[in-house]
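Comments concern the structure below.
The values are calculated or read from the model by the stated rules, or taken from the named source; none is laboratory data. The shown structure was predicted, so the numbers you read here are calculated from the model rather than taken from an experiment. Reconstructed Cβ throughout: ideal geometry from the backbone, glycine too, with neighbour counts over all protein chains shown.
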Amino acid sequence: MPTIRVMRTFLAVAQSGSFVAAGARVGLTPAAVGLQIRALEEDLGQTLFDRSARAAVLNTAGRSASVAIESLVNRYDALCGGKDEMAGTVAVGALVSALMGAFSGALLTLKREFPALEVKLFAGLSSDFALRVQQGELDAAITTRPPRGLSASLRWSPLYAEDMVLIVPHAPQFPLANDALEILRTAPFLRFDSSTWTGDLVQEVLRRLNVRVNEGLEVNSVETIVALVRQGYGVSIVPKLDNVEWTRDSGLQVISVPGHNVVRQVGLLERRVHGRTHFTGAIKAHFAARMHAREPH
């Protein structure tokens, strides 16, 4: 009968793609990893990986088994977690823009409440985090709302919303029109990476406004776009970051563009079954309380 440790080794190989990398993750030699995988395959009566000299890739049987094995490991972790789940290390992915805004406050609050909790943060893009959460490399991630359907093993919960706004420089290095739509038509437009989930939202705003922009640079960072706009190089449509006071920024003008109701929804992405539900539940509860506090009473 496979042990939980053997199952963890199997998941490490599945996620990392080699016995060497998996061994480094679980603290075993590659040879020991190989012995555990062979023992698991013998117990299950089927080969789980297509092996080469340097790689081990899940085959059809392995992909099928990985769903059940991950569920078993996660359920075991949840059973053992209890109050201690708010201690130890949690791996979380987050948009840099979320760390600049509301999510950093949530982490500080949890850290004060649970000092034994260590959060390892990985900054990146929403589209990259989905696979890393699904594979178990991350316990959860703060992402924008997925524009397309997720894997059945994942769940996304909304936390807060940000209006999509037009930002323009106070000191532009180009002629700046007075009307928002004319600004978009004539000024150099700094576009958020069109291959990303936030990039989809930018395009949706422009589609609803029925405006064709004067394409300039394409950038995959809200922070970089804001810096370029401050320096007068262009204008952009971006999410108005929660908890960031752009209206007090001497280098920026923030303009609400009529004719669209697009918002960027930011939420928490997690597996439906995992061993850190106390942590993800605390994050969701923090934002629910924050939203309630903002409502008029």
Q: Please report, ordered by residue number, the strands (runs of 3 or more DSSP E) entirely within the range 144-220 with at least 2 residues that are surrounded by fewer than 19 Cβ atoms within 10 Å (Cβ to Cβ) and either at positive phi or not small (Gly, Ala, Ser) (or both).
A: 154-169, 214-219
Q | Enumeration of residues in the range 48-63 that are surrounded by fewer than 18 Cβ atoms within 10 Å (Cβ to Cβ) and either assigned to a loop (DSSP other than H, G, I, E, B) or outside the structural domain of Val13 (by TED's automatic domain parsing) (or both) | A | Ser52, Ala53, Arg54, Ala55, Asn59
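Matching residues to (1) under 25 Å from Pro147 (Cβ atoms); (2) part of a helix (DSSP H, G or I); (3) not assigned by TED's automatic domain parsing to the domain that holds Leu11:
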site: Ser236; (1), (2), (3): yes, no, yes
site: Ser250; (1), (2), (3): no, no, yes
site: Val254; (1), (2), (3): yes, no, yes
site: Phe287; (1), (2), (3): yes, yes, yes
site: Arg290; (1), (2), (3): no, yes, yes
Q. Inside the range 238-248, can you point out the residues that are in a loop (DSSP other than H, G, I, E, B) and either in the same structural domain as Lys284 (by TED's automatic domain parsing) or touching a strand residue (DSSP E or B) at 6+ places or on another chain (Cβ under 8 Å) (or both)?
A. Lys240, Leu241, Asp242
Q) Just to be sure, is Ala39 in contact (Cβ under 8 Å) with a residue 12 or more places away in the chain, in contact with a helix residue (DSSP H, G or I) (Cβ under 8 Å, 6 or more places away or on another chain) and under 21 Å from Arg132 (Cα atoms)? A) no
(Q) Can you list residue pairs whose Cβ atoms sit under 8 Å apart, with the first residue in the range 141-162 being not assigned by TED's automatic domain parsing to the domain that holds Ile237 and the second being among the hydroxyl-bearing types (Ser, Thr, Tyr)? Count only pairs 6 or more apart in sequence or on different chains. (A) Ala141/Ser126; Thr143/Ser126; Thr144/Ser126; Thr144/Thr198; Pro146/Ser126; Trp156/Thr143
Q) Since Thr89 meets every condition but one in (1) buried (at least 17 other Cβ atoms within 10 Å of the Cβ); (2) assigned by TED's automatic domain parsing to the domain that holds Arg272, which condition does it not meet? A) (1)
